[in-house]
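Structure first, then comments.
All of the numbers you see were taken from the coordinates with simple rules; none came from a lab. Everything numeric here is computed off the predicted structure, so don't read it as measured data. Every residue, glycine among them, receives a Cβ derived from its backbone with ideal geometry; neighbour counts consider all protein chains shown.
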Amino acid sequence: MQISNKVSITTEDGTSTLYIEELKEVYHSRKGALTESQFVYINEGLKYWSKESSNAICKILELGYGTGLIAFLTYLNSLEIKKQIDYTSLEAYPISIIQLKELNYDQFFKDKNPIQNFEEFSKLKWELKHQIAPNFSITKKEIFFEKFKSSDLYDIIFYDAFGAHAQPEIWAPELMKKCFDILNPGGVWVSYCAKGSVRRSLKTAGFDVQRLPGPPGKREMLRGIKT
Ligand SMILES: C[S@@+](CC[C@H](N)C(=O)[O-])C[C@H]1O[C@@H](n2cnc3c(N)ncnc32)[C@H](O)[C@@H]1O
């Protein structure tokens with residue numbers, strides 16, 4: 001996959017994202033980068049799981065880290081959620097710190113007063129676990145999901161790959177099965193994707209699949225539960 005030429009664009013909620021010219025693909029929805037990330041991953045993923053589960057610890061796996069917006073939003077929401085969050089994010093093609101700074105995300109989180117702001121968060125070293133708040137740790141790993149092997153099981157998977165038209169292989173049935181295998185019982189797989197073939201692959205892998213109303217501009221999204 002070629003993703004060398006990325007440019008920053010402004011989405012409809014005013015937050016920026018990156019556009020990859022070779023793939024004609026965006027890192028987040030053009031209808032709103034922040035809106036989509038909050039809706040799909042925080043509300044329908046993290047908040048859903050925390051309502052359903054009495055576990056005190058939540059292990060999250062994200063594919064892929066990209067700009068770090070979803071990881072940062074999870075960190076911001078971790079206090080409200082009142083769970084210990086252990087976040088692992090996988091990324092095959094890390095973005096430079098300079099390009100991340102251009103997104104200027106800190107201007108949107110001025111009122112939040114996090115221990116670490118987005119810029120500091122972006123600079124956290126790869127391959128190390130960082131306990132950046134009493135209830136939030138993050139490990140960023142530079143690796144392809146296909147090659148990732150884990151002895152840990154997760155409670156939530158944020159499956160935020162590029163769309164199937166740009167990256168069909170990442171939505172293959174065997175990777176949906178891999179997701180199923182690395183989730184704890186009661187675990188949640190969540191994605192902006194609503195594709196019928198992905199839904200069927202999730203079902204075949206063993207998930208209980210829910211078609212949910214999507215964020216602005218998307219009719220549906222998917223959530224899979226490992227019952
Ligand atoms: C839609 S963007 C993710 C956006 C990201 N969650 C964010 O908040 O910016 C998809 C990401 O998956 C990464 N990626 C693509 N193929 C991958 C793979 N096989 N394994 C891990 N990461 C991958 C891409 O480089 C890109 O950063």
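Considering only DSSP beta bridges with both partners in region 33-225, what is the antiparallel share in %, to the nearest 5?
40 percent
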If you take the charge dipole of the chain about its Cα centre, with +1 on Lys and Arg Cβ and -1 on Asp and Glu Cβ, which of Tyr159, Gly206, Asn104 is farthest toward its positive end? Gly206
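Would you calculate a helix-derived [θ] at 222 nm for the chain, using -39,500 (n - 2.57) for each DSSP H run of n ≥ 4 and dividing by the full residue count, to the nearest 500?
Taking each H run of at least 4 residues, the total per residue is -6000 deg cm²/dmol.
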Which FRET efficiency value, to the nearest 0.05, do you get for Ser8 and Lys123 by plugging their Cβ-Cβ distance into 1/(1 + (r/R0)^6) with R0 = 25 Å? 0.85
Pairs beyond 27 Å (Cα-Cα), from Lys195/Lys226; Lys31/Lys141; Lys110/Lys140; Lys112/Lys226; Lys51/Lys112: Lys31/Lys141; Lys112/Lys226
Taking springs between alpha-carbon atoms closer than 10 angstrom, which of Lys31, Lys101, Lys147 fluctuates most in the Gaussian network model of the chain? Lys147
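Nearest 20 debye, what's the magnitude of the dipole of the chain about its Cα centre given +1 on Lys and Arg Cβ and -1 on Asp and Glu Cβ?
Magnitude of the dipole: close to 520 debye.
What is the diffusion coefficient of region 33-225 in µm²/s, taking the Kirkwood radius over Cα pairs and the Stokes-Einstein relation at 25 °C with a viscosity of 0.890 mPa s?
Details: Rh = 16.8 Å.
Estimated via Stokes-Einstein, D reaches 146 µm²/s.
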Lys/Arg +1, Asp/Glu -1 at C-beta; the chain dipole; positive extreme among Ile95, Val188, His28: Val188
